[in-house]
Every structure is written in C-alpha cells, then in structure tokens.
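A short reminder: the numbers here are calculations on the coordinates, not readings from a lab. The shown structure was predicted, so the numbers you read here are calculated from the model rather than taken from an experiment. Neighbour counts run over all protein chains shown; Cβ positions are idealised from the backbone, glycine included.
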Amino acid sequence: MQKRDLVGRAVTLKVKTSAFDVRTRVRTLATATNDASLIRTAAQRTLAAEMSQYAQSTGGQRLCLRLMG
C-alpha cells in the first residue's frame, strides 16, 4: 500500500473455523492509513473480539481456526 501510496479505512478479517464456517469481520478506522502497524493492531483487536464473543456464546469454548491460503 505504501509503495503505491494507497490508503484505506476498513480492515477486513476473514477467518475459517475448524467446522469450516467462514466469518468475516470489518473494523473501520477513524482515518485512512497505510501504516502497517495500525492495520495489524486493528486486525489483532478484531480477532481478539471475535474470539472473546465466541467464548461467551459457547460457554467458554475456544474458537478453533483453520489456515486459509
């Protein structure tokens, strides 16, 4: 993104569970950016929130993910 001088506000996280369910979550940043550390932090927070929400809705079970390639 930085090489092409592109910026964006939406960070999209797409995960596949061990049961092959695909979940897509989007976090919108306050301002447009191409800063990798800000994008990574937003993605990490989005994943942490998804894992926490899953644990709460399943009585404490952990969210098991599969690698998507």
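Assuming charge only on the beta carbon of Lys and Arg (+1) and of Asp and Glu (-1), the dipole of the chain about its Cα centre is about 120 debye to the nearest 20.
Stretched out straight at 0.36 nm per residue, the stretch from Arg9 to Thr28 would grow longer than its current Cα-Cα span by 6.3 nm. Taking 17 Å as the cut-off, the amide N atoms of the range 9-27 that come nearer than this to a point 7 Å along the Cα-to-beta-carbon line of Ile39 belong to 9-15, 25-27.
The HN-Hα couplings worked out from phi for the range 22-38 by the Karplus form 6.51 cos²θ - 1.76 cosθ + 1.60 (θ = phi - 60°) are 9, 10, 10, 10, 10, 10, 9, 7, 5, 9, 5, 8, 10, 6, 4, 5, 5 Hz, whole numbers, x standing for Gly and Pro.
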